Amino acid sequence: MLKDFAALSTPLLADACVRENVPLRAAPAGVRPLVDGHRIAGRVLPARHYGSVDVFLEAYGRAEPGDVLVVDNGGRTDEACVGDLAVLEAEAAGVTGLAIWGLHRDTPELVEIGLPVFSYGAYPPGPLRVDEREPEALSTARFGPHLVSVDDIVFGDADGVLFVAADDLERVLATAERIRRTEREQADLIRAGRTLRQQTQFDEYLTRRAVDPTYTFRRHLRRVGGAIEE
């Protein structure tokens, strides 16, 4: 999955979801990679955290090579729920990264381990609680407003994290690649002296909008073949 994602980005995937009328499921803003440049792409391995590492150990027993552990800690910022031992065990289980709706700790150790970890950031204290476990602990995970499962693929890069249903993945990736090529061509033309306003026939858009106030820029871009904003 990382190979398929190599030339793409989460913004391109987000635009592709919009273009394909696929639900846009982006993680809340602020979920970032611990190490700049780290990326994740793989099947969701869900785990809901209740204060103890045992749920992660159980999830690892279900892991398939290339999975990404998606940790639901309710977005809490009063405790760290993942540390170095949990990440080392993830690596041993063939998991290729972690996306945490919450915080991590043991930052120097995690950097040394090198497995990509995405979270809201670091916090020294671990959990001081053990809550009652839900039946869905290992079947689904919440991540912001989204509910994800093994039927989803998770992607992460410097811009954040988003989820795509496996059934939609092929067309989303194909559309993202088409958008990438169009935007790179547009960027090359700008550098060569042809402005984006020229490429998108912006003056024509303004003229049409003056006659028809309902004529939107997105409608115009679809007509002239631009990829920006979608």
- Measure nothing fancy, just the Cα-based angle from helix 202-211's long axis to the longest principal axis of the chain, in degrees from 0 to 90, nearest 10. 80 degrees
- Message: For the chain, take the longest principal axis of its alpha carbons; what is the angle in degrees between that and the long axis of helix 10-19, to the nearest 10 within 0 to 90?
- Response: 60 degrees
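Just check the stretch 172-224 against the gyration tensor rule for me: Cα atoms, a ≥ b ≥ c as the square roots of the eigenvalues, rounded for a/c under 1.5, and otherwise prolate or oblate depending on whether a/b exceeds b/c. Let's see the in-between values first.
On the way: a/c = 4.84, a/b = 1.42, b/c = 3.40.
Oblate, since a/c reaches 1.5 and b/c is not below a/b.
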- Item | Distant-in-sequence amide H partners of GLY42 (H built 1.01 Å from N, under 5 Å) | VAL154
- Which one, (i) -0.52, -0.69, -1.11; (ii) -0.47, -0.65, -1.14; (iii) -0.43, -0.62, -1.25, gives log10 I(q)/I(0) by the Debye sum over Cα atoms at q = 0.10, 0.12, 0.17 Å⁻¹ as derived from the coordinates shown? (i)
- Computed [θ] at 222 nm, deg cm²/dmol, the chain (DSSP H ≥ 4; -39,500 (n - 2.57); rounded to nearest 500): -10000 deg cm²/dmol
- Task: Place +1 on the Cβ of every Lys and Arg and -1 on the Cβ of every Asp and Glu in the stretch 172-224, take the dipole about the Cα centre, and give the residue among ALA174, GLY193, HIS220 whose Cα lies farthest towards its positive end.
- Result: ALA174
- Query: Which cross-chain or sequence-distant (5 or more) residues have an amide H under 5 Å from the amide H of VAL70, H modelled 1.01 Å from N in plane?
  - Reply: LEU45, ALA47, ALA99
- DSSP-defined beta bridges in the chain - what % are antiparallel, rounded to 5: 55 percent
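None of the figures in this text is laboratory data; all of them are computed from the coordinates on show. For clarity, every value in this text was computed on a predicted model and none was experimentally measured. Every residue, glycine as well, gets a Cβ built from its backbone with ideal geometry; the counts of neighbours run over all protein chains shown.
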